[in-house]
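Peer 1: My questions will all concern the structure given below.
The values are calculated or read from the model by the stated rules, or taken from the named source; none is laboratory data. Computed from a predicted model, the values in this text were never measured in an experiment. Ideal geometry is used to build each Cβ from the backbone, glycine not excepted, and the neighbour counts take in all protein chains shown.
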Amino acid sequence: MKNKFDENEITKLADNLLIGLTKEENKLILDEFSYIEESINKINGITGLDELEPLTHPFPVSLTLEEDIPTEELTIDEVLKNVTDHDGREIKVPKVVN
Amino acid sequence: MIQELHKKLISDNKYQGELLTDTIKKCQDYQTKYNLFVTMLEPKETKITDNLLSGIPYALKDNFSTKGILSTGSSNILKNYIPVFDATIVEKLNNLGALCVGKTVLDELGMGGTGTTGHTGVVKNPWHKDYICGGSSAGSACAVASGLVSYAIGSDTGDSIRKPAALTGIVGYKPTYGVLSRYGLFQFASSLDHVGILTRNVLDAAIVVNELKGRDIKDMTSINLDTDLIENINASIKNKKLFYIKEICDINNYYKPSATLVSTLKEFNKTIDTIKNLGVKVEEISINKHLLEALHPTYITISCAEATSNYSNLTGISFGERGNSTNIMAMIKDARTKGFSTLIKRRFVIGSYVLQKENQDKYFLNAQKVRKLVVNTFNELFKKYDALILPCGLPAKKISEVSEIISKDTNILENHLVIGNFGGYPSITIPNGFVNNLPIGINFTGKIKDDANILNIANKVEEVLGYKDQIAKEVK
């Protein structure tokens, strides 16, 4: 079966997610991507979809506003416990704006 | 079993210490044998109260946040992550005096069905160490099936509690969507994710969910289920109406069926006869095969798309393993490139593909429409029937033979449990005997919020099948 996808397309999809792929990973995904597309295309073999609304939640729910109840939240120190690098209460990352 | 343990804990003040010491010792032994834990814990004795869960050890899937305790999602990207808050489920269990003895291995970030893709290695089936437990709640299933704990907490996005329960010969119960709060669960696909329980009998599953259910202000999708889940669990099920799906259960639908498949469906049919003898009406119904074949592709499309979005928070900046670079985007990319396994990257790439502007209508939106059609179909059936009963699939595969590669073949028998996630239905697996000396399961699924009815049916069927409270006896 001829693969309609190529290495560059897989790289682009991964790049959009800020994920890098090794050559081996790219090949693995590329090799099965036609099958993946063929599989998910079974969705489009179902008739009558035009009349249906997409289902985004298992069942209808009514969302209500909650009462404003003050609660204890995390302190800055607690929040920063998992941060690799910080300066006081600010998370340190490389320069973003020149 | 939980009730008996509780009685003993109340009546014998030395028993908690003995139980805890014994469980912690066994954790070490079983870890060596089955590799079921990411982290083992040594909780301290607690005050035994009237609550049934106080002082009873349990295991927790490692995709729940635990304050001050490593919570990895079995992924390298979170291998050193120690949350600063508890998941609501954990908070409730702590408040009840339940004792967590370990955080269990899952398929990386919950995305897998074999228990072989966690960053700490493969979880082995306590019935036979060459075989998988299934996933993604592999370690939780192993902890219960091996007799280490009487219950474990899991999560279920496609079948991640109910399938490993089948493969390890135990009970796996996913309540109606939202009955158990998802706050603090590492979200995989939010519209499909459920929190649930693994136990060795139906009553225990009902007891644990009864204690933990309820609306949580921190999870806007959580709901109140006012019904008591235990009250009618022993009621007669005479005249209840069940249905099964011909396209899955009739051997004539399979081309050259394997001996294992023949035996699995034979056991299922035997159980149907047993259930009929209880005065239950069981009918065979037919469902469009194309729709059934679209279940797995629909699941893959929706779950990968939601996962791609949900896990965009794993950047290594505010938590997790930070990448190396002097540029922030490259830093995030480095963290994600090193932190995710190939299989996870593949799922994200699929998610990215179906969410591309040019593909969204064709794949993602149409998948959501197929989901709607499936849910409409089963909602109609649940107006006529009390529950759907189906075999959970074949027994466990050998570890050496598993593959997480997505096949173009759509195996309905192995993928139908996702119906429960599409509709948010209560769904429970119980053991249904053995094929090739390995456990198999049957599953009951019913309409939303009808959990008490599903538990009642499962409990009464469990009584007559003879596999209640079984503990794995390793055959090798």
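Peer 1: Check A:THR11 against each of (1) within 22 Å of B:MET329 (Cα to Cα); (2) within 9 Å of chain B (Cβ to nearest Cβ); (3) of a type in the set (Val, Ile, Thr) and name the one condition it does not meet.
Peer 2: That leaves (2) as the condition not met.
Peer 1: Would you mention how many residues in the range B:1-60 are surrounded by 17 or more Cβ atoms within 10 Å (Cβ to Cβ) and among the charged types (D, E, K, R)?
Peer 2: Adding up the residues that qualify gives 1.
Peer 1: Determine whether the range B:341-359 contains at least one residue that is of a type in the set (D, E, K, R) and more than 30 Å from B:SER71 (Cβ to Cβ).
Peer 2: yes
Peer 1: Test each condition in (1) under 23 Å from the mean Cα position of the chain (by Cα); (2) exposed (fewer than 14 other Cβ atoms within 10 Å of the Cβ) for B:SER258 and report the one that comes out false.
Peer 2: Failed condition: (1).
Peer 1: Would a scan of the range A:30-38 turn up a residue that is more than 8 Å from chain B (Cβ to nearest Cβ), over 20 Å from the mean Cα position of the chain (by Cα) and exposed (fewer than 10 other Cβ atoms within 10 Å of the Cβ)?
Peer 2: No, there is no match, as no residue in the range A:30-38 is more than 8 Å from chain B (Cβ to nearest Cβ), over 20 Å from the mean Cα position of the chain (by Cα) and exposed (fewer than 10 other Cβ atoms within 10 Å of the Cβ).
Peer 1: Please verify whether A:PRO54 is touching a Gly at 6+ places or on another chain (Cβ under 6 Å), part of a loop (DSSP other than H, G, I, E, B) and not aromatic (Phe, Trp, Tyr), treating the condition exactly as stated.
Peer 2: In short, no.
Peer 1: Under the condition of being surrounded by 13 or more Cβ atoms within 10 Å (Cβ to Cβ) and not in a helix (DSSP H, G or I), which residue from the range A:58-98 is nearest to the chain's Cα centre (by Cα)?
Peer 2: In this case the residue turns out to be A:PRO58.
Peer 1: Shifting gears a bit: Against the definition (modelled with pLDDT of 85 or more and under 30 Å from B:TYR425 (Cα atoms)), how does A:LEU30 come out, yes or no?
Peer 2: Spelling it out, it is not the case that A:LEU30 is modelled with pLDDT of 85 or more and under 30 Å from B:TYR425 (Cα atoms).
Peer 1: Working carefully through the options B:PRO431, B:PRO395, B:PRO439, B:PRO391, find the one that is within 20 Å of B:ILE285 (Cα to Cα) and not acidic (Asp, Glu).
Peer 2: Only one candidate passes the filter, namely B:PRO391.
Peer 1: If you don't mind, there's one more thing I want to ask. Examine the range B:365-382 for a residue that is acidic (Asp, Glu), modelled with pLDDT of 95 or more, more than 25 Å from A:LEU28 (Cα to Cα) and assigned to a loop (DSSP other than H, G, I, E, B), and state whether such a residue exists.
Peer 2: no
Peer 1: Further, regarding this structure: Name the residues in the range B:304-333 that are in contact (Cβ under 8 Å) with a residue 12 or more places away in the chain, assigned to a helix (DSSP H, G or I) and facing chain A (nearest Cβ under 8 Å), would you?
Peer 2: Hits for the range B:304-333 are B:THR308, B:MET331, B:ILE332.
Peer 1: Can you tell me which of B:SER74, B:SER65 is out of contact with any strand residue (DSSP E or B) (no Cβ under 7 Å at 6 or more places or on another chain), buried (at least 19 other Cβ atoms within 10 Å of the Cβ) and among the polar types (S, T, N, Q)?
Peer 2: None of the others qualify; the one that does is B:SER65.
Peer 1: Okay, next question. Search the range B:341-378 for residues being touching an Asp or Glu at 6+ places or on another chain (Cβ under 7 Å) and more than 7 Å from chain A (Cβ to nearest Cβ), and hand back the single one that is nearest to B:ASN76 (Cα to Cα).
Peer 2: Top of the filtered list is B:SER341.
Peer 1: Tell me, which residue of the range B:352-364 that is part of a helix (DSSP H, G or I) and polar (S, T, N, Q) is surrounded by the most Cβ atoms within 10 Å (Cβ to Cβ)?
Peer 2: Across the range B:352-364, the extreme among qualifying residues is B:SER352.
So that you can scan it fast, the table gives a plain yes or no per residue for (1) more than 13 Å from chain A (Cβ to nearest Cβ); (2) touching a Leu at 6+ places or on another chain (Cβ under 7 Å); (3) at pLDDT 95 or above:
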| residue | (1), (2), (3) |
| --- | --- |
| B:ASP29 | yes, no, yes |
| B:MET40 | yes, no, yes |
| B:THR46 | yes, yes, yes |
| B:THR49 | yes, no, yes |
| B:LYS61 | yes, yes, yes |
| B:SER65 | no, no, yes |
| B:LEU70 | no, no, yes |
| B:VAL84 | no, yes, no |
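Peer 1: Residues in the range B:170-179 that are over 13 Å from the mean Cα position of the chain (by Cα) and aliphatic (A, V, I, L, M): how many?
Peer 2: The qualifying residues number 1.
Peer 1: Condition (residue is out of contact with any Pro (no Cβ under 9 Å at 6 or more places or on another chain), over 30 Å from B:GLY316 (Cα atoms) and not hydrophobic (A, V, I, L, M, F, W, C)) applied to the range A:69-89: is it met by at least one residue?
Peer 2: yes
Peer 1: Which residue is farthest from B:ALA330 (Cα to Cα), if the candidates are limited to the range B:282-303 and must be in contact (Cβ under 8 Å) with a residue 40 or more places away in the chain and facing chain A (nearest Cβ under 7 Å)?
Peer 2: For the range B:282-303, the residue satisfying everything is B:LEU291.
Peer 1: Within the range B:338-351, work out how many residues are crowded, with 19+ Cβ neighbours inside 10 Å and more than 26 Å from the chain's Cα centre (by Cα).
Peer 2: Qualifying residue count, the range B:338-351: 0.
Peer 1: Related question: Working only within the range A:46-85, note down all residues that are closer than 30 Å to B:THR377 by Cα, at the interface with chain B (Cβ under 7 Å from one of its Cβ atoms) and of a type in the set (D, E, K, R).
Peer 2: Residue satisfying the conditions is A:GLU53 alone.
Peer 1: Further, regarding this structure: More than 10 Å from the chain's Cα centre (by Cα), at pLDDT 95 or above and over 19 Å from B:LEU417 (Cα atoms): which single residue out of B:LEU148, B:LEU167 fits that description?
Peer 2: B:LEU148
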